[in-house]
């Protein structure tokens, strides 16, 4: 396993990718396939840096990604979610542990609801009759960044506590 700090470097790269996804979704209402692929393809490097074992750690991540894709593909088929959003969530499922991923979904839903209200109000204020396109990648990225920040702050608190006990 490489130096412990390498894992944080990879998480920093993921955070930058999430910011880029939010920006492009806000700007163009699109999350690029190359970005989702890069996030997904970098996950095995993160697993290695974090010291994941094939069983059960990697298996849990892969299983979570399959379930996330299946559930959100149905929402895509119902036209409730965009394809880029589904791919971004699936790629994130490869990075984030299942218990943290459920927290991500809750934060995503809350931010997404707020974003929907704001976008709807903006649409009404501008008297536009077409259907409002919600940049849900912003909600996904916000939730992902929240999870990363929370995990990072928990790691700092644990290491500070461990150092203080010596």
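Looking at residue 121, is it free of Cβ contacts under 8 Å to residues at least 24 places away in the same chain, loosely packed, with under 12 Cβ neighbours inside 10 Å and in a helix (DSSP H, G or I)? Reasoning before the result, please.
On the way: free of Cβ contacts under 8 Å to residues at least 24 places away in the same chain: yes; loosely packed, with under 12 Cβ neighbours inside 10 Å: yes; in a helix (DSSP H, G or I): yes.
For residue 121, the condition - free of Cβ contacts under 8 Å to residues at least 24 places away in the same chain, loosely packed, with under 12 Cβ neighbours inside 10 Å and in a helix (DSSP H, G or I) - is met.
Can you tell me which residue among 42, 38, 15 is under 12 Å from the mean Cα position of the chain (by Cα), surrounded by 13 or more Cβ atoms within 10 Å (Cβ to Cβ) and modelled with pLDDT of 95 or more?
Values: 42 fails: under 12 Å from the mean Cα position of the chain (by Cα); 38 fails: under 12 Å from the mean Cα position of the chain (by Cα).
After ruling out the rest, the residue left standing is 15.
Given the criterion within 18 Å of residue 148 (Cα to Cα) and at pLDDT 95 or above, identify the matching residue among 66, 111, 74.
Values: 66 fails: within 18 Å of residue 148 (Cα to Cα); 74 fails: within 18 Å of residue 148 (Cα to Cα).
Residue meeting the stated conditions: 111.
Out of (1) modelled with pLDDT of 95 or more; (2) over 11 Å from the mean Cα position of the chain (by Cα); (3) farther than 23 Å from residue 62 by Cβ, what's the single condition that is false for residue 145?
(2)
The values are calculated or read from the model by the stated rules, or taken from the named source; none is laboratory data. The shown structure was predicted, so the numbers you read here are calculated from the model rather than taken from an experiment. In this analysis, Cβ positions are derived from the backbone assuming ideal geometry, glycine residues included, and neighbour counts consider all displayed protein chains.
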